[in-house]
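The values are calculated or read from the model by the stated rules, or taken from the named source; none is laboratory data. Fair warning: this is a prediction, and the values are worked out from it, not measured in the lab. All Cβ positions, glycine included, derive from the backbone under ideal geometry; neighbour counts span all protein chains shown.
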């Protein structure tokens with residue numbers, strides 16, 4: 001229960017990722033975010049193994065891309081969130097644990113004889129909005145194109161979905177039905193109503209800055225101990241050629257015979273036709289439909305006849321017979337389109353029931369001769385032929401690369417200009433060439449280029465779907481590493497001086513706290529420090545407000561709500577800026593006894609957290625059963641790369 005309450009009130013990164021693996025596919029795809037900056041599972045080279053789960057393994061590349069994806073998602077909700085603080089709060093470790101949980105649950109499910117069929121996975125894929133075309137139907141072409149654009153294989157996606165399904169099937173029932181009693185929720189509901197008052201001051205490091213220069217040994221040791229703070233993220237150089245659809249359009253002019261053939265094949269679209277506006281109601285029995293139809297034929301309006309039966313008329317505007325048939329049935333559409341204007345159609349049945357249909361309007365659309373639609377047919381055929389030619393070219397290109405054709409040979413044979421980047425960071429900036437302006441197409445190439453290994457064959461990347469592609473070849477990889485000390489000497493000296501000043505600020509802050517604890521007034525103790533420090537400020541609020549603020553709570557205020565009444569503590573201000581001194585003067589206890597709505601809300605939230613706890617414990621049990629081995633060195637390297645990559649963005 002202690003861990004449950006800790007999760008309820010003190011989660012550092014929130015319960016939003018408690019079940020990270022469940023819904024991971026939904027995070028990436030359901031919101032249409034497949035075209036975002038980061039992908040998932042099975043991308044690029046493995047870069048080492050961070051964990052072995054039963055007979056399966058989790059690669060460094062998977063962990064890094066997953067962590068980046070979750071960070072990006074949370075940053076959309078909290079723009080001030082930084083990767084360094086996300087990692088410091090245990091974000092990557094939480095993600096790693098949930099990925100391992102998902103793999104362990106899959107191993108356990110397989111051991112118990114559970115299966116996910118291809119048909120079930122197909123259904124999950126078809127339901128993802130990102131793979132649906134404008135008509136709302138699943139598009140195989142869009143699916144393949146988006147996967148290729150993100151560098152995701154069909155097998156990797158299916159594996160992710162399979163794991164997600166196993167996790168849902170095993171964990172969802174476990175979390176259902178958990179309920180915390182009202183008596184148990186009462187003290188925590190009251191805790192939310194608690195209010196606190198205190199005071200705060202700061203000892204700024206800048207007041208203690210000195211221009212004294214460190215000796216070479218001191219500076220070298222400081223640089224060694226703080227290498228992570230100054231690490232230059234991984235840099236890459238790559239080159240690419242662009243394959244534009246315009247290249248194929250000039251040779252895609254349709255002939256007269258092709259235009260005529262297209263017209264004949266689609267003659268139904270150009271023939272004379274009529275669209276109709278229809279009013280209808282649907283009834284469960286033929287007898288009920290006949291009663292309504294009889295009333296209308298006797299002079300009553302369809303709306304009034306429907307109202308008397310407790311129904312409402314639906315109006316369907318400007319539909320063709322085929323469109324109406326798709327909404328109802330062939331028999332209903334045939335009857336409606338054989339009826340004169342303003343008349344009631346013969347009764348007909350669809351799977352929905354018996355239709356009473358009134359023709360409310362008829363629009364006649366004349367036939368379109370070939371000459372009147374020649375221009376639009378030419379455009380359609382040219383676009384179609386260019387798309388087919390480009391698709392064939394891309395397929396041949398990938399075959400040639402797979403067969404051993406080099407990047408230079410391909411570019412020369414295809415007469416494509418090679419573009420090259422200087423060493424750049426994952427965000428597209430260059431440290432060596434600070435004036436480098438990344439071209440527009442580079443943004444789509446960054447992720448694939450940084451996912452590739454140096455010895456990988458060139459990769460085809462989508463820049464603009466169905467319009468612009470690029471063949472990318474990585475030529476150099478510079479690992480994340482601190483630059484030579486002599487190149488950043490002045491900056492490191494400044495950081496050393498700030499660090500030394502912060503250490504002095506800590507000493508003075510501790511002395512002030514000691515005086516306050518012996519009875520000296522807060523303001524007097526601050527003034528006796530001999531520094532021109534900012535005046536003491538009042539601080540306080542209600543715990544409920546703190547809970548609502550989530551990650552945006554200032555650290556001193558969060559500290560105030562974890563202190564004992566009458567106590568004084570110090571808190572590092574961060575980035576060597578100094579030290580806060582916080583005193584808690586008063587606690588006003590809350591009483592939720594007369595606020596049942598708050599008790600109920602806390603009861604529901606605690607019940608949800610308890611259900612999560614049960615599921616977590618089950619997941620941990622499956623890990624113990626299948627066996628898990630972590631590679632701590634590889635995990636630390638991924639964290640370093642993530643921390644370093646953010647520095648340059």
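Screening the candidates 501, 544 for the property of being buried (at least 19 other Cβ atoms within 10 Å of the Cβ) and farther than 30 Å from residue 384 by Cα yields one hit, 501.
Taken together, the criteria place residue 59 among residues that are modelled with pLDDT of 90 or more and either outside the structural domain of residue 621 (by TED's automatic domain parsing) or closer than 22 Å to residue 154 by Cα (or both). In region 445-476, of all residues being in a loop (DSSP other than H, G, I, E, B) and in contact with a strand residue (DSSP E or B) (Cβ under 8 Å, 6 or more places away or on another chain), the one that is surrounded by the fewest Cβ atoms within 10 Å (Cβ to Cβ) corresponds to 454.
Among the residues of region 507-536, count how many are crowded, with 17+ Cβ neighbours inside 10 Å and part of a helix (DSSP H, G or I). Residues in region 507-536 being crowded, with 17+ Cβ neighbours inside 10 Å and part of a helix (DSSP H, G or I): 9 in total. One residue alone among 491, 498 is assigned by TED's automatic domain parsing to the domain that holds residue 555, under 38 Å from the mean Cα position of the chain (by Cα) and closer than 16 Å to residue 204 by Cα, and that residue is 498. Checking each residue in region 97-116 for being in a helix (DSSP H, G or I) and either over 25 Å from the mean Cα position of the chain (by Cα) or outside the structural domain of residue 615 (by TED's automatic domain parsing) (or both) picks out 107, 108, 109, 110, 111. When residue 202 is tested against (1) surrounded by 17 or more Cβ atoms within 10 Å (Cβ to Cβ); (2) more than 30 Å from residue 467 (Cβ to Cβ); (3) in contact with a helix residue (DSSP H, G or I) (Cβ under 8 Å, 6 or more places away or on another chain), exactly one condition is not met: (3).
Please determine, by comparing only the residues of region 412-429 that are free of Cβ contacts under 8 Å to residues at least 24 places away in the same chain and outside any helix (DSSP H, G or I), which one is nearest to residue 233 (Cα to Cα). Break it down stepwise before answering.
In the first step, residues of region 412-429 are kept if they are free of Cβ contacts under 8 Å to residues at least 24 places away in the same chain; the result is 412-413, 415, 428.
Filter once more, so that each one left must be outside any helix (DSSP H, G or I): 415, 428.
Details: 415: 35, 428: 12 Å.
Looking at residues that are free of Cβ contacts under 8 Å to residues at least 24 places away in the same chain and outside any helix (DSSP H, G or I), I get 428.
When residue 97 is tested against (1) buried (at least 17 other Cβ atoms within 10 Å of the Cβ); (2) in contact with a helix residue (DSSP H, G or I) (Cβ under 8 Å, 6 or more places away or on another chain), exactly one condition is not met: (2). Looking across region 619-633, the residues that are buried (at least 18 other Cβ atoms within 10 Å of the Cβ) and at pLDDT 90 or above come down to 622, 623, 626, 628. With respect to the conditions (1) over 30 Å from residue 381 (Cα atoms); (2) touching a helix residue (DSSP H, G or I) at 6+ places or on another chain (Cβ under 8 Å); (3) crowded, with 18+ Cβ neighbours inside 10 Å, residue 293 lacks only one, and its number is (2).
If the condition is being surrounded by 14 or more Cβ atoms within 10 Å (Cβ to Cβ), without any contact (Cβ under 8 Å) to a residue 24 or more places away in the chain and outside any helix (DSSP H, G or I), then region 314-342 contributes 329, 339.
Restricting attention to region 296-333, the residues that are in contact with a helix residue (DSSP H, G or I) (Cβ under 6 Å, 6 or more places away or on another chain) and either outside the structural domain of residue 355 (by TED's automatic domain parsing) or within 21 Å of residue 364 (Cα to Cα) (or both) total 4.
When region 548-561 is limited to residues that are part of a helix (DSSP H, G or I) and surrounded by fewer than 16 Cβ atoms within 10 Å (Cβ to Cβ), the one that is modelled with the highest pLDDT turns out to be 555. Every test in (1) assigned to a helix (DSSP H, G or I); (2) under 27 Å from residue 268 (Cα atoms); (3) touching a residue at least 60 places away in the same chain (Cβ under 8 Å) is passed by residue 359 save one, and that test is (1). For region 477-491, filtered to residues that are within 16 Å of residue 238 (Cβ to Cβ) and touching a strand residue (DSSP E or B) at 6+ places or on another chain (Cβ under 6 Å), the residue that is surrounded by the most Cβ atoms within 10 Å (Cβ to Cβ) is 477.
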